[in-house]
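> Once you've had a glance at the structure underneath, I'll fire off some questions.
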Amino acid sequence: MTAVAAKAPKPRKRRKLGYDNIAGILLSLPALLLLILFVVIPFVTAFYLSLFNVRMGSSHAPVFLGFEQYRRILFDPETSGTFYHSLLNNFVFALIVVPLQTGLAIALAIMLNQKLKGIAFFRTFFFLPVVFPMSLVVVIWTLFFSRDDFGMFNSILSAVSGGAIGPIDWIGEPAIALTSIAIMSIWAGVGFQMVIVLAGLQEIPTELYEAASIDKAGKWLQFVHITLPSLRNTLVFVVMVTTIFSLRLFDQVYLLTSGGPLDSTSTVMFQAVTLAFQEGNVGASSAMTVVFVLIIICLTLVQRLLLRQEKEIK
Amino acid sequence: MSRKTKTIKKTLSYFFISLATLIFVAPVAYLFIGSLKPNDEVLAGLAGFIPEHLSFKNYGKVFKTFDSEATGYFWNFYLTSIFVSSVVVIGGLIVNSMIAYALARLRWHGRNLVLGLVVLLVILPFEAIAVPLFDLLTDYRNTYFVQYIPFVASAFSVFLFYTFFIGLPSEIQESARLDGAGPFRVFLQIVIPMSKPVFASVTILTFLAAWNSFLFPLMMVDSGDVRPLPLAMSVFYQQQQKEWGTIFAFGVLLVLPVMIVFLAFQRFFIQSVASSAVKG
């Protein structure tokens, strides 16, 4: 794509290229400067800070440590525990959210893709939570998760079981707190995915389904042999975005549980922010950030690889 | 299929869709009903859905609570959010579409390098630079400036514009160039009018991200004068004696304008989200 674009405007005269050259640089300059100042430089700074013992508000000159911060995070048995624990939480969270949210998004998209009157009206409701800020989502769900009898989920449980199941502490119990956050996140985010899958569904030619019906393939066979393969690229995209979003998890944790109970909902980003702002340890926080970015880059490369394979098959 | 089975199937479809919708919007309904109920009747399990003893008292309370220098003024949270989001959206549309056009349609020195940089930056999440950004911008804490400036240029928006511009037919642009129109004129008079869908998409996606922005304001703002709405919500929630009705009223005031905008332009919202899944 890039190569074609470069050749596209074939300049007839040399003078024209000179003009384009100036125009191209001028048009790019504002965005380029902003990106360098506020994205590239901070990231380079993160790497630089990670090599020093930098403390927030400290008057001591930073001491150069080399890769000591990385060693502490990754290899020192005394200090690496929190990091691995948080990373594990990220992955467990992804393991819950990615299949559930993607599956739900597919189910909802198929349900809302039926040719029925007023279907657009229903679609609206599933997308609605996307416009809710996370700080508000958390407030509503705090009452759903409330550990006393008046919490919504406990009230439903007790109504359904006739009072046999006692109240559960949805976000105070280390074993289920992360799952609770996951369910809330799915509610807040599934509409976004649903819309993307819906767009993918609408691109599948209806002839494929008609041919399958003539061959007497049932709905399930059609789903497995037509819908899923046609959605492959859409689903790779959705899965990758959801995975990366799971690794970035911060707002929900900060607002709902502050990483607790017993670090059971702590995540890498939550640790990085806590290290910097609560312990003032900017160096360690930056090192964690750099590791975090490397993980994201690896995941993105895997995605590229999956998409490329698809192109080769075609 | 007979007409009768068709009708039954349709009714069943509607039934399941309605049921799923009801479950899904329950938290939203709970928010709106709760905002109108007395504080001690909100956290009441399933009874929280029963609309009784309704009044607008909680809304009055919200405005009364945020009516001094110390707490910040409620309308000021709104203005902050509107102002910051507007600058991010409008500034972003201008600078990001400009660079995308230069990358897609012009030949200049360093073009491939810049394109590579943009593609690389698309995958860099904001969280990765939040802490050093705090370090670098610490002198600008508690300003509007610090809340919008890092978000105006966005590699993701550039990428969306770029893929759209590449897909535009180039014949009209080229013949205009041959007739002597410069690149700026082609961009303003030919490319922009042809690109309304991508401008709409970027506007909506940028607006949603800017309006809901939380982590960065949390780091940079601790004064009531420049606090954006989502942060104000969380501060209010944490300080409060858990007067749920009042908190919910705050929540409704926070989300209602966006909900109205969303309902009015939902077709565009849904299209832009669908188009954000650009082909890898």
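> Quick check on A:Ser246: is it more than 8 Å from chain B (Cβ to nearest Cβ) and touching a Gly at 6+ places or on another chain (Cβ under 6 Å)?
It is false that A:Ser246 is more than 8 Å from chain B (Cβ to nearest Cβ) and touching a Gly at 6+ places or on another chain (Cβ under 6 Å).
> I've got another one for you. Looking at this structure, is A:Phe47 farther than 30 Å from B:Ala20 by Cα and either more than 9 Å from chain B (Cβ to nearest Cβ) or surrounded by 14 or more Cβ atoms within 10 Å (Cβ to Cβ) (or both)?
yes
> Here's something else I'd like to know. Residues in segment A:201-232 that are touching a residue at least 40 places away in the same chain (Cβ under 8 Å) and under 23 Å from the mean Cα position of the chain (by Cα): how many?
Selection size over segment A:201-232: 3.
> Okay, next question. For segment A:257-314, how many residues are over 21 Å from A:Arg72 (Cα atoms), within 11 Å of another protein chain (Cβ to nearest Cβ) and either of a type outside the set (Ser, Thr, Tyr) or without any contact (Cβ under 8 Å) to a residue 40 or more places away in the chain (or both)?
13
> Across segment A:112-130, which residue is surrounded by the most Cβ atoms within 10 Å (Cβ to Cβ) among those that are closer than 17 Å to B:Tyr30 by Cβ and facing another protein chain (nearest Cβ under 7 Å)? Outline the logic, then answer.
Pass one, segment A:112-130, residues closer than 17 Å to B:Tyr30 by Cβ: A:125-126, A:128-129.
Restricting the remaining residues to those that are facing another protein chain (nearest Cβ under 7 Å) gives A:125-126, A:128.
On the way: A:Phe125: 17, A:Phe126: 24, A:Leu128: 19.
The extreme case among them is A:Phe126.
Residues checked against (1) crowded, with 19+ Cβ neighbours inside 10 Å; (2) assigned to a helix (DSSP H, G or I); (3) over 28 Å from the mean Cα position of the chain (by Cα):
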| site | (1), (2), (3) |
| --- | --- |
| A:Ile106 | yes, yes, no |
| A:Ile110 | no, yes, no |
| A:Leu136 | yes, yes, no |
| A:Val139 | yes, yes, no |
| A:Asp149 | no, no, yes |
| A:Asn154 | yes, yes, yes |
| A:Gly172 | no, no, no |
| A:Thr179 | no, yes, no |
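> Something else now. Can you say whether B:Val252 is touching a helix residue (DSSP H, G or I) at 6+ places or on another chain (Cβ under 7 Å), of a type outside the set (Ser, Thr, Tyr), under 28 Å from B:Gly48 (Cβ atoms) and surrounded by 15 or more Cβ atoms within 10 Å (Cβ to Cβ), as far as the supplied structure shows?
Details: touching a helix residue (DSSP H, G or I) at 6+ places or on another chain (Cβ under 7 Å): yes; of a type outside the set (Ser, Thr, Tyr): yes; under 28 Å from B:Gly48 (Cβ atoms): yes; surrounded by 15 or more Cβ atoms within 10 Å (Cβ to Cβ): yes.
It is true that B:Val252 is touching a helix residue (DSSP H, G or I) at 6+ places or on another chain (Cβ under 7 Å), of a type outside the set (Ser, Thr, Tyr), under 28 Å from B:Gly48 (Cβ atoms) and surrounded by 15 or more Cβ atoms within 10 Å (Cβ to Cβ).
> How many residues does segment B:34-44 hold that are closer than 15 Å to B:Leu253 by Cβ and either touching a Phe, Trp or Tyr at 6+ places or on another chain (Cβ under 6 Å) or hydroxyl-bearing (Ser, Thr, Tyr) (or both)? So that I can check it myself, show each step before the final result.
First pass over segment B:34-44, keeping only residues closer than 15 Å to B:Leu253 by Cβ: B:34-36.
Okay, now just the ones that are also either touching a Phe, Trp or Tyr at 6+ places or on another chain (Cβ under 6 Å) or hydroxyl-bearing (Ser, Thr, Tyr) (or both), so B:34-35.
Qualifying residue count, segment B:34-44: 2.
> Please note which helices (runs of 4 or more DSSP H) are completely contained in segment B:89-191 and include at least 3 residues that are more than 27 Å from A:Ile295 (Cβ to Cβ) and more than 9 Å from chain A (Cβ to nearest Cβ).
Passing ranges, in order: B:144-148, B:155-167, B:171-178.
> Return the pair list, or none, for Cβ contacts closer than 7 Å from residues in segment B:135-161 that are not assigned by TED's automatic domain parsing to the domain that holds B:Ala100 to residues that are surrounded by 16 or more Cβ atoms within 10 Å (Cβ to Cβ), at least 6 apart or on different chains.
Matching pairs, first to second residue: none at all.
The values are calculated or read from the model by the stated rules, or taken from the named source; none is laboratory data. Everything numeric in this text was worked out from a predicted model, so none of it was measured. Please note: Cβ atoms are built from the backbone with ideal geometry, for glycine as well, and neighbour counts cover all protein chains shown.
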